[in-house]
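Novice: First the structure, then my questions, so here it is.
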């Protein structure tokens, strides 16, 4: 009898799927949205039952959800993007889209993943309750913390020479070129120090960031690197800059990074389920250790788009938000590619215009894209660590989502 029931269930599912395929994307979206509501009380999680195009669930986490059409986004175009992502063979784990403060698309997938401290990957069926490695998005969060604490007047001004802040290392001050490095040069990755860090080499000894994991004095290691160019002139991606900024933060606040992040950023945003992985000495890995839920990363984006405010509370100074996602230096990594304060910047085409975007970007396909002119944010997570090709794929998804946005 149970075998007959299973066969009958399989037949009904196949029949239902055939019916869905005959509908237009918009009709399919409407039908599945209503169907998801009927299934909300079932034992299986909603994100596992619903179509990729279903209206995101309200989870009591501070987020409003809605339909793409209500956010002035082409529902058919967005649904095609979501269905394409759902059917991809690469290791994308999530795609979330929010506009005007409402999540209008939320897709999770099964894929292989490993944390920044793991050597081996495992298969994970991702959903909204699962934390994900943020990798270098951690740097962008550190920059926000710097802006918060800077407002209190306890941090050195941006033009301050960094070597003056480390009298314990007098040898550093003997080099005139090194003496010209300022705090702002550190935040914009323009300190002029020799540093080798590429996507393909993370975790290897050919990548200078690897040493930050085990070096007892990472600040001294970073500041002691040879000079390769005058400070302020050339962009060179350097995870070591993050440990300098965090050292200044911890000295000013007398708090470790993870505690500072909890009290000054995450709790005001209602973010309670996160993790900051530690290095060999138990110090939070400022440059790559943060793990967040995609919805909580989206909250940080919403706060940025709202000029540093979340639910009427000023969390990050508005001026610092503007400066963080404003290009201070060209990166040389493609037309329009720039860098702010530990945030990437660029432009995207939209209706014969080029709109500015700011982004927090992490190894493996972790992305938070912000388009202030459209009040739009896009989050993606993936497990393609050390694979530079994921950047091209996700840039294409981002461009297509932007193209689906209506005035």
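The numbers here are math on the coordinates, done by the rules we state, and not lab data. Since the model is a prediction, treat every value here as computed from it, not as a measurement. All Cβ positions, glycine included, derive from the backbone under ideal geometry; neighbour counts span all protein chains shown.
Novice: Fewest to most neighbouring Cβ within 10 Å: what's the order for 343, 195?
Specialist: Numbers: 343 27, 195 20.
Ranking 343, 195 by Cβ neighbours within 10 Å, fewest first, gives 195, 343.
Novice: Using Cβ contacts closer than 10 Å as the measure, can you line up 185, 196 from fewest to most?
Specialist: Details: 185 24, 196 13.
So the ranking, lowest neighbour count to highest, is 196, 185.
Novice: Here is a further query. Compute the acute angle (0 to 90°) between the alpha-carbon long axis of helix 137-150 and the principal axis of greatest extent of the alpha-carbon atoms of the chain; round to the nearest 10°.
Specialist: Between helix and principal axis, roughly 60 degrees.
Novice: Here is a further query. How large is log10 I(q)/I(0) at q = 0.17 Å⁻¹ when the Debye formula is applied to the Cα atoms of the range 153-266, each weighted equally and without solvent?
Specialist: Here log10 of I(q) over I(0) equals -0.87.
Novice: For the chain, find the longest principal axis of its Cα atoms and tell me its angle to the long axis of helix 25-38, 0 to 90°, nearest 10.
Specialist: 90
Novice: Shifting gears a bit: Quick one: Cα convex hull volume of the range 246-403, Å³ per residue? Can you show the working numbers first?
Specialist: Working: hull volume 20.8 nm³, N = 158.
Cα-based convex hull of the range 246-403, divided per residue, equals 132 Å³.
Novice: Multiply the residue gap between residue 152 and residue 125 by 0.36 nm, knock off their C-alpha separation, and tell me the result in nm, one decimal place. Don't skip to the answer; put the middle values down first.
Specialist: Values: separation 27, 0.36 × 27 = 9.72 nm, distance 4.26 nm.
Using 0.36 nm per residue and subtracting the Cα-Cα distance, I get 5.5 nm.
Novice: Please check which bits of the range 135-159 a label hung off residue 255 would reach, taking the label as a point 7 Å along Cα-to-C-beta and the cut-off as backbone N under 15 Å.
Specialist: 142-155
Novice: If you don't mind, another one. Just the Cα atoms of the chain: what Rg and Dmax do they give in Å?
Specialist: Considering the chain through its Cα atoms, Rg and Dmax are 22.6, 85 Å.
Novice: Packing-wise, with mean Cβ within 10 Å as the measure, how do 347-357, 268-278, 125-135 rank, highest first? It would help to have the intermediate numbers written out before the result.
Specialist: On the way: 347-357: 14.5, 268-278: 16.5, 125-135: 20.8.
Most protected by this proxy first, the peptides run 125-135, 268-278, 347-357.
Novice: Restricting everything to alpha-carbon atoms, can you work out Rg to Rh for the range 205-257 with a Kirkwood hydrodynamic radius? Walk me through the numbers on the way to the answer.
Specialist: Working: Rg = 12.3 Å, Rh = 12.4 Å.
Using Cα coordinates only, the ratio equals 1.00.
Novice: Separate question: Just order 255-261, 279-285, 366-372, 96-102 by mean Cβ neighbour count inside 10 Å, highest at the front, would you? Don't skip to the answer; put the middle values down first.
Specialist: On the way: 255-261: 20.0, 279-285: 16.3, 366-372: 24.3, 96-102: 21.7.
Packing order, densest peptide first, comes out as 366-372, 96-102, 255-261, 279-285.
Novice: Turning to a different aspect of this structure: Can I get the semi-axes of the range 172-228's equivalent ellipsoid? Compute them from the C-alpha gyration tensor as square roots of 5 times the eigenvalues, in angstrom, largest first. Provide the component values of the computation, followed by the final result.
Specialist: Working: eigenvalues 91, 34, 19 Å².
Ellipsoid half-lengths, sorted descending, are 21, 13, 10 Å.
Novice: How large are Rg and Dmax for the range 120-199 when calculated on the C-alpha trace, in angstrom?
Specialist: 17.9, 54
Novice: Let me ask you something else. Kindly provide the helix-only [θ] at 222 nm of the chain, computed as the sum of -39,500 (n - 2.57) over DSSP H runs of four or more divided by all residues, to the nearest 500 deg cm²/dmol? Mind dumping the intermediate values first?
Specialist: On the way: 14 runs with 138 residues, N = 407.
Counting only the DSSP helices, I get -10000 deg cm²/dmol.
Novice: May I ask you to sort 51, 180, 136 by Cβ crowding, counting other Cβ atoms within 10 Å and putting the fewest first? Please list the in-between numbers first.
Specialist: Values: 51 20, 180 17, 136 24.
Lowest count first: 180, 51, 136.
Novice: How far, in degrees from 0 to 90, does helix 75-86 lean away from the longest principal axis of the Cα atoms of the chain, to the nearest 10?
Specialist: 80
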